[in-house]
Amino acid sequence: MFLTVVVSFFFISAVVQTEPVMDSWYVAAVYEHNLILKPKSDGPLSRLDALQHMQKNLDIYEEQAAQAAQQGAQILVFPEDGLHGFNFSRSSISGYLETIPDPQQESWNPCTEPGKYNNTEVLQRLSCMARRNNLYLVANMADLQPCPLKTDITSSCPSDGRWLFNTNVVFRSDGLLVARYHKNNLFLFEPHFDTPPQPEIITFDTPFAGKFGLMICFDILFHKPTVALVEKGVRQLVYPTAWINHPPLMDAVQIQQAFSLGANVTLLAANIRYDQLKMRGSGIYTPFSATYHYAQKGDPEEGRLLVARVPVLDPLWVGQNVTTKEGVVRSESTSSTATDSGFCHQENCSDSPPPENASSVPPSSATFISSMIFDPFTFVLLNETEGKVNVCNGTFCCHLQYRRLPQGDSKELYALGAFAGTHTMYSRMALQVCALVRCAGLDTSSCGQEAEEAESKMDFLLEGKFGTRYVYPSVLVSKRVLEQPEHLETAADGRVTMKHSNMTGGLVSACLYGRMYHLDNE
């Protein structure tokens with residue numbers, strides 16, 4: 001159990017918390033799937049061959065669903081692309097497609113009504129899997145939808161006259177199809193899929209924990225659907241992903257926990273295990289705990305089922321307040337300093353001066369530029385055993401107070417980096433980031449490059465004054481171990497402070513990752 005302070009989008013002052021005292025709990029499971037890839041072929045597979053391939057992955061799903069049910073799981077999440085895999089064209093994926101009816105328009109149980117639609121073998125098997133094991137089941141598959149003939153959005157129809165969507169499906173414990181979500185934010189490697197004409201904000205209700213929201217992989221970095229769900233009051237999110245790890249800031253488990261902490265939500269994250277593409281890292285995260293798995297180099301490439309007991313966070317299910325063991329009540333009311341759009345007032349945004357308690361430390365003149373995740377960060381080295389440093393990227397500044405605890409004769413280079421601008425490599429994302437990182441080598445050009453292990457522990461206070469209230473905190477130590485920050489606090493003027501000490505391993509990175517969603521398209 002960690003002593004922590006959690007900051008939510010809707011909560012501006014610090015509150016000491018531990019695990020909540022609640023009568024309402026449920027058991028969740030996620031499965032990190034060691035994907036069986038499609039047979040090598042120069043052309044599209046027939047429907048029969050595609051089904052034979054998917055059945056191999058479905059056989060594994062069957063085994064894991066049974067194991068999850070034996071451990072009391074009430075909801076089970078499988079990863080993105082877990083049935084069909086990757087590297088498709090619109091032509092080569094054709095054998096894998098099924099047309100998924102909209103559960104908001106009609107009621108259908110594929111397990112008990114298998115003859116209602118043709119070519120729905122995968123839907124039928126997933127439905128029966130949920131029914132047989134008496135649990136809610138979330139899976140990801142490819143959906144084929146014809147373009148409507150007469151609507152105001154016909155201009156968005158692809159040239160082949162059909163939409164192909166990366167899709168989550170949710171089955172109730174009796175097999176009923178209760179939700180369908182089409183991925184809104186496609187990654188570079190999905191040219192075969194279409195973006196839906198309108199972003200979908202999809203939720204489903206359960207009898208054991210209330211409401212859950214749906215998103216997929218790259219969605220986690222964008223306002224719709226992810227933040228839109230949270231702003232609607234959804235506190236429990238289901239997250240199939242096929243995440244390619246990009247350290248030192250964008251590892252799967254790091255991003256997953258950072259979002260859970262920053263948004264004050266539960267996140268059920270199921271990833272693919274595929275080492276050739278650096279895919280790994282899954283977990284069950286709450287604002288109070290993290291049950292996760294990150295395979296280390298040399299570990300067998302195999303799947304992993306995670307099961308955890310999780311507090312219900314749906315406010316309509318447990319009431320508007322949560323009382324902790326210390327008797328502290330966390331209000332879910334929106335901060336008075338936030339605008340209706342969820343962003344800070346103009347006078348509190350990034351053009352303001354650095355935080356007052358950092359102003360006595362001028363930005364170091366010994367700064368340098370180095371690339372981190374394809375963005376030009378301004379860095380300053382940590383040359384002393386302890387001290388205070390500032391670094392600015394434009395008018396956005398980050399402050400660090402630190403005490404380094406080197407282990408033995410370890411020689412490691414650390415730097416504090418700041419970036420404020422628009423990331424354009426994978427998509428347009430407006431960012432403000434403060435990051436303390438271990439450099440991969442002993443020269444400045446290695447700062448921002450991948451470093452998996454570290455020996456130096458550090459007590460630190462990291463702070464930045466952000467022009468957004470959407471700031472996601474993370475602390476990652478050696479061997480991709482997550483640590484729960486000891487203290488997180490957001491002030492009314494946009495200042496975010498993260499304090500941590502007593503690390504269990506050497507520090508790889510500590511990050512405050514701010515997302516300026518409103519500037520993405522500017």
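The values are calculated or read from the model by the stated rules, or taken from the named source; none is laboratory data. Just so you know, these numbers come straight off a predicted model, no measurement behind them. A quick note on method: Cβ atoms are made from the backbone with ideal geometry, for glycine too, and the neighbour counts reach across all protein chains shown. For accessibility, only protein heavy atoms count, side chains too; no ligands or nucleic acids. Shrake-Rupley method; radii C 1.70, N 1.55, O 1.52, S 1.80 Å.
Numbers for the structure displayed
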item	result
All positions within the stretch 110-124 that are touching a residue at least 12 places away in the same chain (Cβ under 8 Å) and more than 27 Å from the chain's Cα centre (by Cα)	Pro110, Cys111, Thr112, Tyr117, Asn119, Thr120, Glu121, Gln124
Matching residues, the stretch 49-90, being among the acidic types (Asp, Glu) and either assigned to a helix (DSSP H, G or I) or open to solvent by 20 Å² or more (accessible area, probe 1.4 Å) (or both)	Asp49, Asp59, Glu62, Glu63
Close pairs (7 angstrom Cβ cut-off, 6 or more residues apart or separate chains): farther than 24 Å from Gln64 by Cβ in the stretch 29-51, assigned to a strand (DSSP E or B) and of a type in the set (D, E, K, R) anywhere	none
Enumeration of residues in the stretch 94-151 that are touching a Ser or Thr at 6+ places or on another chain (Cβ under 8 Å), of a type in the set (Asp, Glu) and either outside the structural domain of Gln67 (by the TED database) or open to solvent by 70 Å² or more (accessible area, probe 1.4 Å) (or both)	none
Criterion (closer than 28 Å to Thr291 by Cα, at pLDDT 95 or above and not in a loop (DSSP other than H, G, I, E, B)) met by exactly one of Ala430, Ala420, Ala415, Ala435	Ala435
Qualifying residue in the stretch 204-216 (condition: of a type in the set (Ser, Thr, Tyr) and under 21 Å from His518 (Cβ atoms))	no
Residue among Glu522, Glu489 that alone is assigned to a strand (DSSP E or B) and open to solvent by 20 Å² or more (accessible area, probe 1.4 Å)	Glu489
Some residue of the stretch 234-247 being crowded, with 24+ Cβ neighbours inside 10 Å and modelled with pLDDT under 95	no
Some residue of the stretch 323-338 being in contact with an Asp or Glu (Cβ under 6 Å, 6 or more places away or on another chain), at pLDDT below 95 and not assigned by the TED database to the domain that holds Ser474	no
Qualifying position, being among the small types (Gly, Ala, Ser), in contact (Cβ under 8 Å) with a residue 24 or more places away in the chain and touching a His at 6+ places or on another chain (Cβ under 8 Å), among Ser107, Ser92, Ser127	Ser92
Filtered residues of the stretch 489-504 (kept if among the hydrophobic types (A, V, I, L, M, F, W, C) and under 15 Å from Leu436 (Cβ atoms))	Val496, Met498, Met503
Boolean, Gly467 is buried (at least 17 other Cβ atoms within 10 Å of the Cβ) and not in a strand (DSSP E or B)	yes
Among (1) modelled with pLDDT of 95 or more; (2) under 23 Å from Tyr294 (Cβ atoms) - the single one Tyr470 does not satisfy	(2)
Scan of the stretch 470-486 for residues that are within 17 Å of Met250 (Cβ to Cβ) and either crowded, with 17+ Cβ neighbours inside 10 Å or of a type in the set (Asp, Glu) (or both), ordered by number	Tyr470, Val471, Tyr472, Pro473, Ser474, Val475, Leu476, Val477, Arg480, Leu482
